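The structure appears right after this line, and notes come after that.
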Amino acid sequence: MKAKILALLRERGEYVSGQELCQRFGVSRTAVWKAIGQLKKEGYHIEAVQNRGYRLVPETEVFGLHELESRMDTGWAGRPVIYYDELASTNLQAKLDAERGAAQGTLIVADMQTAGRGRRGKGWSSPAGTNVYFTLILKPDFDTDLTSMVTLVMGLAVAEGICRTCGVRAEIKWPNDIVVGGKKICGILAEMSVEREFIHYVVIGVGINVGKQEFPPEIAQTATSLWQECGRIVSRSQLIVNVMKAFEDRYGTFCRDGNLAGLMDDYNSLLVNSGREVRVLDPGGEFRGTSRGINEKGELLVEREGGEVTAVYAGEVSVRGMYGYV
């Protein structure tokens with residue numbers, strides 16, 4: 001009920017009477033009073049005026065379960081939300097929950113991670129009160145060879161969610177980095193459980209740099225945050241909701257088509273190195289060429305010097321710009 005009260009107070013932006021809250025949610029005045037008191041203890045500034053009711057005062061965001069639930073207006077993605085002040089890793093927790101039967105759409109969110117991971121097992125700095133760390137559980141019924149494309153679907157959703165939240169243009173560095181102003185702002189890590197070509201679940205984790213922070217020296221030149229790019233505080237909760245809304249829409253198109261054909265144009269319009277010369281760091285041998293966007297399988301098309309086009313599968317391949325990160 002607390003999330004519903006928050007959502008109504010935020011929507012109105014003015015005083016809502018205690019009587020209306022009682023009638024809307026079918027509870028007593030005492031229950032409403034207790035819920036308001038609990039929200040105040042969580043950090044919400046709620047004014048109570050006799051004969052007028054309650055009003056939520058806009059101020060610095062309170063990040064937590066009720067804030068997320070009160071904003072989540074998706075159909076299935078991000079429902080339910082499971083929130084933790086601290087976790088080792090949202091992906092690890094999501095895998096445990098998926099094994100225990102958690103439904104598709106379950107979203108694991110943490111304010112802080114103590115063992116966050118990126119691609120190839122690299123550590124991901126995850127301080128409290130600063131960034132966004134979440135993992136979405138999927139229970140797909142498509143073939144295993146389509147799972148690698150889910151990362152690209154999420155990449156598109158994150159870029160669109162960032163733009164919708166704070167208006168900056170976010171671009172995609174294939175296959176799983178989001179960049180703003182040429183610097184990395186987000187990493188995405190998908191993992192799955194498969195048995196005999198049957199997908200038990202896919203968990204897809206996202207880490208977005210949001211608040212003001214100092215980056216370690218080794219990444220200071222290639223990393224940024226929304227605070228640095230926007231110059232203002234960005235609501236972490238609304239950012240998560242906007243990403244979930246975009247993902248729900250884009251994932252529906254992907255599942256309908258069975259490939260990325262319906263998303264290719266939008267994805268390629270945000271591909272940061274499209275038309276640029278790139279180095280492909282393939283275990284089978286490094287080569288150079290010009291990025292020509294992705295195909296319907298999510299492979300990066302790289303045109304070599306002689307005109308031959310090679311379709312690069314993500315896997316263990318990395319793509320770098322000729323003169324820097326992008």
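Within the stretch 195-237, the set of residues being closer than 21 Å to VAL62 by Cβ, in contact (Cβ under 8 Å) with a residue 60 or more places away in the chain and of a type in the set (Phe, Trp, Tyr) is empty.
Of everything in the stretch 176-191 that is over 14 Å from the mean Cα position of the chain (by Cα) and either crowded, with 24+ Cβ neighbours inside 10 Å or small (Gly, Ala, Ser) (or both), the residue that is farthest from SER237 (Cα to Cα) is GLY182.
For the stretch 25-35, does any single residue satisfy the condition of being in contact with an Asp or Glu (Cβ under 6 Å, 6 or more places away or on another chain), at pLDDT 95 or above and closer than 26 Å to PHE134 by Cβ? No; the residues of the stretch 25-35 include none that is in contact with an Asp or Glu (Cβ under 6 Å, 6 or more places away or on another chain), at pLDDT 95 or above and closer than 26 Å to PHE134 by Cβ. Can you confirm whether ILE46 is over 27 Å from PRO127 (Cβ atoms), touching a residue at least 12 places away in the same chain (Cβ under 8 Å) and touching a Leu at 6+ places or on another chain (Cβ under 6 Å)? Judged against the criteria, ILE46 is a match. Selection of the stretch 275-314 for residues being farther than 29 Å from ASP143 by Cα and among the small types (Gly, Ala, Ser) yields GLY275, GLY285, GLY289, GLY306, GLY307. If you check THR135, THR165 for being among the polar types (S, T, N, Q), surrounded by 18 or more Cβ atoms within 10 Å (Cβ to Cβ) and either in a strand (DSSP E or B) or without any contact (Cβ under 8 Å) to a residue 40 or more places away in the chain (or both), only one passes: THR135.
Among the residues of the stretch 250-303, the ones that are closer than 20 Å to THR144 by Cβ and aromatic (Phe, Trp, Tyr) come to 2 in all.
The single condition from (1) loosely packed, with under 14 Cβ neighbours inside 10 Å; (2) of a type in the set (Gly, Ala, Ser); (3) closer than 30 Å to GLU299 by Cβ; (4) at pLDDT 95 or above that GLY101 fails is (3).
Determine whether the stretch 82-89 contains at least one residue that is of a type outside the set (D, E, K, R), in the same structural domain as GLY211 (by TED's automatic domain parsing), in contact (Cβ under 8 Å) with a residue 60 or more places away in the chain and touching a helix residue (DSSP H, G or I) at 6+ places or on another chain (Cβ under 6 Å). No, that holds for no residue.
Tallying residues that are surrounded by fewer than 20 Cβ atoms within 10 Å (Cβ to Cβ), in a strand (DSSP E or B) and of a type in the set (Val, Ile, Thr) within the stretch 192-232 yields 2.
The values are calculated or read from the model by the stated rules, or taken from the named source; none is laboratory data. Computed from a prediction, not measured in an experiment: that's the story for all the values here. Positions of Cβ are backbone-derived with ideal geometry, glycine not excepted, and every protein chain shown enters the neighbour counts.
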